[in-house]
Structure formats: structure tokens, C-alpha cells
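Chemist: I'd like to ask some things about the structure below.
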Amino acid sequence: MLSVTNKDDVTAIKGSVKRGGISMSVYLYIVDHVLIDTGPARLQRELTHQLEQQDYNKIILTHHHEDHTGNAHSLSKGVPIYCHASGIALCKQQSKLPFYRKVFWGNRKPFSPKLLEDQVHSCHYTFDVIHTPGHAPDHVSLLEKNKGWLFSGDLYVMSRPKSIFAFESIPDIINSIEKVLQYDFETVFCSHSGILPNGRARLEEKLSYLKSVQYDVLRKHQEGKSASVIQKELFPSAHPLNYFSLFENSPKHIVTSIINGSSPQLKKV
Ligand SMILES: [Zn+2]
């Protein structure tokens, strides 16, 4: 079942997927005839039906992951679809998803997006495209300066993650959050936690949490502790998603991405 809400020129379409004791929500946004992301193939029937009733003339993808591009193949037939330069080749490939992600979100068919430029103009708004890697190499956030809106894809999701995916990097996520916080915005439109009127504060909270985790990991690393010892000390308990994902999602990747990260600064925060 989808739920649709309209707020201040933005339509939010929320879907939910439940499998193996895990439940995740996913949000698509339509703003001034621009559709942001296409949702997972698992929700294709409901989303296609809902989107047929909506009015949009271009699609922008925040990144290539299957929960954002699952319906891109079918939706892009009538409407141009855009993504960051580094995502174009990824979208054209048949995705090789781990089994649990195919089961959860459904697979996605290859498709051919066009190059997303630095700015997107709709009838009433201008969106600045900010490259925000860390969750995915091609991840972008869309900023509407006059409205103070940030469409943040998966940059936020939650303030205090206790585990991340093997393909994510904490130092890169820190850099990307610092990059967007240089701009003026208040409301964040998150792909998994919905519309956050206090989104700026939530991103600030996430940034300070990640920096304090980074500090703790690097301090313990300098004391000569191994990644697995650091993981046990900082993140002693596991989350159901860790097992469901066969540890593609794990606290271990927080620790290793910080240890392997580029030019880390050991600074108390
Ligand atoms: Zn993602």
C-alpha cells in the first residue's frame, strides 16, 4: 500500500517493503513536474498505477541503487531520465545484486539515463545538483535555494547509524554532509525517512555523531587495536539487517572505512 501526501508544492509517495523481519520505507518525490527516484521493482504495480495519475516530465535519480531505480526501465520509456555522470555506466549494466537485495527490493533492469547537469530547471524552481558520494559513488543531492529544500537521497536516512554497507565510506559521507551544510536549507526530503522540516539539524546531528565515531576509531587504531577489536568495543551488538544481509551491512564497515579513509584527522569533537 502506498500513501501520498502533498505539502508545499511537493508530492511525497511512500511505499513500504517487508521481508525476513525487516521493514523499510521508501519515498519518491514529485516537485514541479520533476519526479525524484523511481522506487524499487518490488513495488512496481502500485507505483506504476500511482505515477500514471501524477504529472511529471522528467526523472532525476539520486543514485543507481535498486530501491531508487527499480522502475526506471519502464518509466524512462516516455520521460527523460537523468543521473550523475558516474552512474550512467552503472545503470546501463545488468545489476549483480546479492541475493538478499534481489529478494527484498527486487532486481532492476538496465536502462540508459542521460547526463545530469549541474543545475535542473523546472517551471518555478532551480535545483542545484550537489555531488554527495559516500553511500554510492554517483550519489547526488538536489538543493532548491529559494525554498530552502534539500532532496537528500540516502545521505541522511538516520542520525546515528550503528552499521553501514560494505560499499559505503564514513569519511566520504562526512565530507558530503559538510559539503551540503555549506548551503542554506532547512527542510530535507529523505528517501527513507520522509520529509524532515528540521532536516538541517538532523544532518548536523549525524555529522557530529560520525565525527565522534571517527575520532574513537582512529584513537583505538593508533593504540594498536585491530579492526575487529575496535568493532567489538564500539559496536558490541548486531542488528537483524547484519544477518539478513549476510554482513554486507555490518558495523565492521564503519571501522574499516574509517581506518582506510583518506587523510583522516584525529581531532576531538
Ligand atoms: Zn542507496
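Every read-out reported here was derived from the displayed coordinates using simple, explicitly stated rules and does not represent laboratory data. Being a predicted model, the structure only gives us computed values, none of them experimental. Cβ sites come from the backbone with ideal geometry, for glycine too, and all protein chains shown count toward neighbours.
Chemist: Compute, for the chain, the length of the dipole vector about the Cα centre, with Cβ point charges of +1 (Lys, Arg) and -1 (Asp, Glu) only. Units Debye, rounded to 20.
Modeler: Charge dipole of the chain: 960 debye, to the nearest 20.
Chemist: What length, rounded to one decimal in nm, is gained on full extension from D8 through to E248, with 0.36 nm per residue of separation minus their alpha-carbon distance? Show your work: numbers first, answer last.
Modeler: Numbers: separation 240, 0.36 × 240 = 86.40 nm, distance 3.79 nm.
Gain on stretching D8 to E248: 82.6 nm.
Chemist: Just how large is the dipole of segment 6-157 about the Cα centre, in debye to the nearest 20, putting +1 at every Lys and Arg Cβ and -1 at every Asp and Glu Cβ? Before the final figure, lay out each step's value.
Modeler: Values: 17 positive and 15 negative charges, 161 e Å.
That gives segment 6-157 a dipole magnitude of about 780 debye.
Chemist: Of Y27, V4, S74, which is farthest on the positive side of the dipole of segment 1-109, counting Cα position, with +1 on Lys and Arg Cβ, -1 on Asp and Glu Cβ, and the Cα centre as origin?
Modeler: S74
Chemist: Let me ask something else about it. Given Cα pairs under 8 Å that are at least 6 residues apart, what percent is the relative contact order of the chain? Write down the numbers at each step before the final one.
Modeler: Working: 529 pairs, mean separation 39.3, N = 269.
For the chain, the relative contact order is 15 percent.
Chemist: Let me ask another. So what are the radius of gyration and Dmax for the Cα set of segment 157-222, in Å?
Modeler: Final numbers for Rg and Dmax: 12.7, 40 Å.
Chemist: Rounded to the nearest 500, what is the chain's calculated 222 nm mean residue ellipticity when only DSSP H runs of at least 4 contribute -39500 (n - 2.57) each, over all residues?
Modeler: On the way: 10 runs with 87 residues, N = 269.
Estimated from H runs of four or more residues: -9000 deg cm²/dmol.
Chemist: Along the charge dipole of the chain, Cβ charges K/R +1 and D/E -1, which of I177, N146, V157 sits furthest on the positive end?
Modeler: Farthest along the dipole direction, towards plus: V157.
Chemist: In whole Hz, with x marking every Gly and Pro, tabulate ³J(HN,Hα) for segment 134-143 from phi via Karplus 6.51 cos²θ - 1.76 cosθ + 1.60, θ = phi - 60°.
Modeler: Along segment 134-143, the couplings run x, 7, 8, x, 9, 5, 10, 10, 10, 10 Hz.
Chemist: How far apart, in nm, are two points set 7 Å out from the Cα along the Cα-to-Cβ line at K145 and at L234?
Modeler: For K145 paired with L234, the spin-label model returns 3.6 nm.
Chemist: Pull out the extension gain between V157 and A201, defined as 0.36 nm times the separation in residues minus the alpha carbon to alpha carbon distance; nm, one decimal.
Modeler: Numbers: separation 44, 0.36 × 44 = 15.84 nm, distance 1.32 nm.
Going from the current span to full extension adds 14.5 nm.
Chemist: While we're looking at this one, here's another question. In the chain, if the dipole is taken from +1 on Lys/Arg beta carbons and -1 on Asp/Glu beta carbons about the Cα centre, which of P137, Y100, S112 is farthest to the positive end?
Modeler: Most positive-ward Cα: Y100.
Chemist: Quick check on my link table: of K102/K211; K92/K162; K7/K162; K77/K145; K14/K147; K109/K232, which ones sit more than 27 Å apart, alpha carbon to alpha carbon?
Modeler: Numbers: K102/K211 33 Å; K92/K162 32 Å; K7/K162 32 Å; K77/K145 31 Å; K14/K147 22 Å; K109/K232 39 Å.
With Cα atoms farther than 27 Å apart: K102/K211; K92/K162; K7/K162; K77/K145; K109/K232.
Chemist: Next question, about the same structure. What is the extension gain from K225 to L115, computed as 0.36 nm multiplied by their sequence separation minus the C-alpha to C-alpha distance, in nm to one decimal?
Modeler: 35.2 nm
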